[in-house]
Amino acid sequence: MIGKASPDAIFIYDESGRFFYANDEACQMTGFARAELLRMQVTDIERDFSLAQLQARWSTLQAGESSTVFGRHHRKDGSEYGDRHQAGDVE
């Protein structure tokens, strides 16, 4: 699976912002169990931008392109950490 052994937190979410993958490090960084994350949307943990802003960014991408957005996620305990979203197609 993508990112299983990665030292980085990896979240994958669809166009609606719903998570469909979170690796072990993503769970550890956020304090949420995998089952909890998979019931959430990116905007449930992202502090700096909305789903509409992400979707607007995605709509400008051409096939094979990617885009990076920086923001802040909040953990289950309420603390925050900086994050980076890499947008692009996952096949």
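Each reported figure results from applying straightforward, stated rules to the coordinates on display, with no laboratory input. Note that the structure is predicted; figures quoted are calculated from it, not measured. Reconstructed Cβ throughout: ideal geometry from the backbone, glycine too, with neighbour counts over all protein chains shown.
Observations
- Sorted by Cβ neighbour density within 10 Å, fewest at the top, the residues His73, His85: His85, His73
- For the range 18-26, Karplus couplings with θ = phi - 60° (6.51, -1.76, 1.60), whole Hz, Gly/Pro x: 6, 5, 10, 8, 8, 7, 4, 5, 4
- Quarter of Cα convex hull surface for the range 11-87, i.e. mean projection, nm²: 4.8 nm²
- Residue order, fewest to most surrounding Cβ atoms within 10 angstrom, among Ile10, Ile45: Ile10, Ile45
- Backbone HN-Hα couplings from phi across the range 75-81 [Karplus 6.51/-1.76/1.60, Hz, Gly and Pro as x]: 8, 4, 7, x, 6, 10, 8
- With R₀ set to 30 Å, the beta-carbon distance separating Leu61 from Ala33 gives a calculated FRET efficiency near 0.40.
- The H on the amide N of Asp48, modeled in the peptide plane, is under 5 Å from the matching H of Arg72, each at least 5 residues off or on a different chain.
- Per-pair calculated FRET efficiency, R0 = 22 Å: Leu51 and His74 via Cβ, rounded to 0.05: 0.90
- Derived scalar couplings ³J(HN,Hα) [the range 61-66; Karplus, 6.51 cos²θ - 1.76 cosθ + 1.60; whole Hz; x for Gly, Pro]: 7, 8, 3, x, 8, 9
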